[in-house]
Amino acid sequence: MAVLYSRDRTSSEQGRILDSFFRSTRVLFYLVRIEIRQKYAGSLLGMSWLFLYPLVFLTFYAGVYLVVFKVRIPELSNWGYVLTVFCGLVPYLGFSDALQQGVQSLSSNVNLLKNTVFPPLLIPVKTVFVSQVAHSAALTVLLAMTLASGKLHGALWLLPVIFILQTALIQGVVWIVSFLSIVLKDIQYVLNLALFFLLFISPVAFTPGMAPHFLQKMLHFNPLHYTITLYRYCFLGANQFPAFELTVMAVICPVVFGLGYFFFKKNHKLLLEYV
Amino acid sequence: MSDPAFVIENLNKTYRVYKHPLFQLLSFLCPKMIPQSAYAENHALSDVSLNIPRGSKIGIIGKNGSGKSTLLKLISGRVQPTSGKLKVDGRVNALLELGTGFHPEFTGRENVFSALAYMGVVGKAAQDKFSAIVSFSELETFIDQPVRVYSTGMYMRLAFSIATSIEPEILLVDEALSVGDTYFSNKCLDKMKHLSEDSNTTIIYVSHNMSSLSHLCDRIVWLDKGAIKAVGNPIEILNLYDLSVREEEEKRMAALVPQSAKTQTEKEGALSEALPGVNRPGTGLMRVTGVSFEDDRGQKKHHYGRGEAFNILFSYRSVAAGRPLPLKVICGISRSDGLLMTATIFEVAQSQQEGKIKVRFPELLLNAGNYFVTILLYEQLDLEGKNNRFYVIDQFLYDAVIRAFEFKVEGSPPIETTLFNHPSEVVGQGGEAVTLLNPLRTV
C-alpha cells in the first residue's frame, strides 16, 4: 500500500525518507495531472484549451501590433519584433500566473491543510506545477511560431535549463508568499500590484538596449530581465551568449528555492493557527 | 494495553484571536513584541491527559466549542500544542473533512482515483482498491456520472468509502457520518468496527449521535469547556451527558416560562425535605429506592427468554408522612443505543410513604439484545401538551433513574434485525398448512 509518510518500523530511516520522496513525487505528478484535467473538466474543448489559449492570445497580440498599431523597429523585421516581444511576454505571463495562483494555494486549499495525509509542503508545489504546465504549453506555442517564421536561431538546449531555474525561483517565492498571505491577507493584493508594476519595468515590449539609462540599471534587480534575456537568446539567438545572466540565475534561483523551503519547513506547523 | 497508540499528558491549547490583522503579522514576525492587549486568549483545551491503547475505539462527546475538534487537530499533528506532551505512534488518517480532492465535474470513478491520490495511493494500489470502494458505496450504477448530479448522501457515501479504504493505524472521524441514511451510517460503523478488529486501527470518533457512539466505542471521553469532564464506559458516560444536556435544556425552558412567586416558595420549602439522590435530577420529594427484575416464579434474574414473563419491581419512598403525594410513573425500556422500545405510563392513586410496585410484561416480545430500564416519578404529567416527550426534567419530576438497570433477552429468531415479534397469525386461504418459523415461544 502506498501512503505518504507511512510508517514502516522495519525499514531504515534513510530508506524511508528516500522511499517517501519517490512516492511523494509520483503522487505529486498524478495530482498535477488530475488538477489540470479538473481545470478543463466539463468544457467542450477540454484539454485543448491548454494550447488553444496561448495560441489565440498570441495571435491576437501579433495582430494588434502588426496590423492595428503598425509598429516598426528599424533593426528588426516585423515578425522579428513580434517574436522578441513574445519572448518577453510569455515568461512574464508564466511568472505572473504562477505567483498569482501560488499565493492563494494555501488559502484556497484549507481542506487539504486540515486533511492530515497530504503534506502541506506539497500544496504550493502542486499549484506551481499546474501553472508551469500551462506555461510550458505557451512556450511550445511560441516555439512553434518561431519555427514557422523561420527565425529560430537560438540554443534550444537552454530551454529546459531556464525553465527549471525559473520554476525553482517561483517555487521559493511561492512557499514564502503563500504562507504569509495566510497570516496577512493583504499580501495577495500587494503581490498582484507588484506583478502589474513588474510588467512595465521588465523588458517585455522593448529590449534592454532600447531602454533609458536609469531603467537599464534597475533591470539588474529585476529577476524577469534575466529570464527574458535568456529566453530571447534561446529562441532568437542574435546577441552574444548571455553568460552573466545565466550565472546570476544559476545562483539566485537555488538560493531563493532553498530559502523558501526552509522558511516553509520551519513554520508550516503554525499554519492552522491562522486559518 | 501496554502499547499505547498515543499518550497525552497535561495538554493545553490556547488560540490567540488578534484584534487587528497587523498584530497577527507582528505575532509571526516577532512574537515577543505583542502586547497583552492585542489579542484575546481562547483556551480551547486545558490540562487534558489521556492514554489511548492501540486498537481501542474512543468516542468523544461534548457540546459545541468544548474542544473536540481541537483535540483531533492536535492528535493529527496539524496544530502544535501550547504546552504539554503529545506522543502519537502511527499513521494518522483523518476524516475531518470528507471529499478532499473531489471535483463536481469529475465522474465518481475519476474522483475515487483523485481522492486516493490525495491519500498517497496511486497506480496499481489504487486500481486494487477501486472495486472494493465502489461495492461498499453501492454506487455501481452512478460511478460513471459526474458527482455534481449525486445527492449529498451519495456524495458522502462515496467519500466515506474512499476514506476508509486504506487501513490507517489511527483513524480520526469528526461527525463525518451525520450525513447519509441510517442504513449507511450503520454500515460505516460496522466498517470502522472491522477496521479496529482486523487491522488493529485505533479509532477516535467525535459525534453528537449517542446511538452511534454507544454502538462503536469502548470508551467515551466527555469534554466540557476544554477539559475532560468524565472518561469511562459508554453507557455510563452517555447517560451522564444526556442528563446534563436535558437539564440544561429544561433550565433554558424554565427561564422562558417564569413561575408564579407562590409556587416558587412552596417548592423551596418542600425542597428542604428532599430525599438524597446521588447525581439524580428531580425534586427528591419521592425517590426510587430499589429496582429488581424477576420472572413469574419470583426468581430474580437478568436473563430472559423471548416470550417469557418479565417483571420490573421498584420501591419508592416519599418525604411526606401521612399525606399521599400525587404520583405518576413512566417505566420505559430502551435498547443499548438509546432507542426507546416501550413505555408503561400509570398513575398511583394512594401513594404511601414507602411502597413497592410491580410492572408486569406477561410475554416479552423483544428480540435478543441488551435492554435498559428507566423509571421516572412525576408529580404531574403533561400527556396532551407539547411537552410529552419520553422524559422531561421539569419542576414536577420527583426522581429519574435513567437507563441504569440492564437485562438481557436471549433466543434470537432467524431474522435478528427485527426489534420485536408482533403476535401474528398466518392462515393459508386455500387450506394450505402453514407453520410459523419464528413463534414467540420457542418451547
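Only the coordinates and a few stated rules stand behind these numbers; no lab work does. Note that the coordinates shown come from a computational prediction; the quantities given were computed from them, not determined experimentally. A quick note on method: Cβ atoms are made from the backbone with ideal geometry, for glycine too, and the neighbour counts reach across all protein chains shown.
Ordering B:V134, B:G428, A:L147 by Cα displacement along the dipole of the protein assembly as shown toward the positive end leaves A:L147 in first place; charges were set at the Cβ atoms of Lys, Arg (+1) and Asp, Glu (-1).
Along the axis of the charge dipole computed for the protein assembly as shown (Cβ charges of +1 for Lys and Arg, -1 for Asp and Glu, origin at the Cα centre), the listed residues A:A243, B:S46, A:V177 are led at the positive end by A:A243.
Taking 0.36 nm per residue of sequence separation and subtracting the Cα-Cα distance, how much length would be gained by fully extending the chain between A:T140 and A:I164, in nm to one decimal? 7.1 nm is the gain from fully extending A:T140 to A:I164. Across the protein assembly as shown, the fraction of Cα-Cα pairs farther apart than 48 Å, rounded to a whole number, is 39%.
Over the range A:18-110, the alpha carbon radius of gyration divided by the compact-protein estimate 2.2 N^0.38 Å works out to 1.52.
Counting only Cβ charges, +1 for Lys and Arg and -1 for Asp and Glu, the dipole size of the protein assembly as shown around its Cα centre is about 1960 debye. Once both labels are positioned 7 Å from their Cα atoms along Cα-to-Cβ, the gap between B:N438 and B:L340 label points is 2.5 nm. Restricted to Cα atoms, chain A shows a radius of gyration and a Dmax of 20.5, 70 angstrom.
Considering only B:A320, B:T182, B:F310, the residue lying farthest towards the positive end of the dipole of chain B is B:A320, judged by Cα position with unit charges set on Cβ.
The region of chain A that goes longest without hitting one of the trypsin sites (Lys or Arg not before Pro) in a DSSP loop, each with at most 15 other Cβ atoms within 10 Å, is A:73-184. Taken residue by residue and averaged, Cβ atoms of other chains lying within 10 Å of the Cβ of B:108-118 number 4. Taking each DSSP H run with n ≥ 4 as -39500 (n - 2.57) and averaging over every residue of the protein assembly as shown yields -14000 deg cm²/dmol at 222 nm.
Compactness of the range A:92-230, taken as the C-alpha radius of gyration over 2.2 N^0.38 Å, stands at 1.18. Here chain B is treated with +1 on each Lys and Arg Cβ and -1 on each Asp and Glu Cβ, and its dipole about the Cα centre works out to around 1160 debye.
In this structure, the pairs whose alpha-carbon distance is over 19 Å, taken from A:K185/B:K68; B:K187/B:K408; A:K114/A:K269; B:K328/B:K356; B:K301/B:K358; B:K301/B:K408, are A:K185/B:K68; B:K187/B:K408. Amide H contacts of B:L285: B:L275, each under 5 Å away and 5 or more positions distant or on a separate chain (H built 1.01 Å from N in the peptide plane; Pro and chain starts excluded).
Placing a label point 7 Å from the Cα of A:A148 along the Cα-to-Cβ line, the residues of the range A:86-108 whose backbone N sits under 19 Å from it are A:86-91. Go through A:K265/B:K229; A:K266/B:K85; A:K126/A:K217; B:K124/B:K193; A:K217/A:K266; A:K126/B:K225 and tell me which ones have a Cα-Cα distance over 29 Å in this structure. Listed pairs above 29 Å: A:K265/B:K229; A:K126/A:K217; A:K217/A:K266; A:K126/B:K225. Spacing of the modelled spin labels on B:D181 and A:K266, each 7 Å from Cα toward Cβ, amounts to 5.6 nm.
Computing FRET efficiency as 1/(1 + (r/R0)^6) for B:E167 and B:A349, where r is the C-beta to C-beta distance and R0 is 60 Å, gives about 0.45.
Charging the Cβ of each Asp and Glu at -1 and of each Lys and Arg at +1, and nothing else, the dipole of the range B:275-410 about its Cα centre rounds to 240 debye. Cβ-Cβ distance of B:N51 and B:Q80, R₀ of 35 Å, FRET efficiency by 1/(1 + (r/R0)^6): the value works out to about 0.95.
Using only alpha carbons, chain B has a radius of gyration to Kirkwood radius ratio (Rg to Rh) of 1.04.
Spread over its residues, the convex hull of the C-alpha atoms of the range B:275-410 is 113 Å³ per residue.
Taken one residue at a time, the phi angles of the range B:285-297 give Karplus couplings (6.51, -1.76, 1.60, θ = phi - 60°) of 5, 9, 9, 7, 9, x, 9, 8, 10, 8, 8, 6, 8 Hz. Gly and Pro are set to x. The alpha carbons of the range B:7-109 give a radius of gyration and a Dmax of 17.5, 53 Å, in that order. If R0 is taken as 35 Å, the Cβ-Cβ distance between B:D89 and A:F241 corresponds to a FRET efficiency of 0.05.
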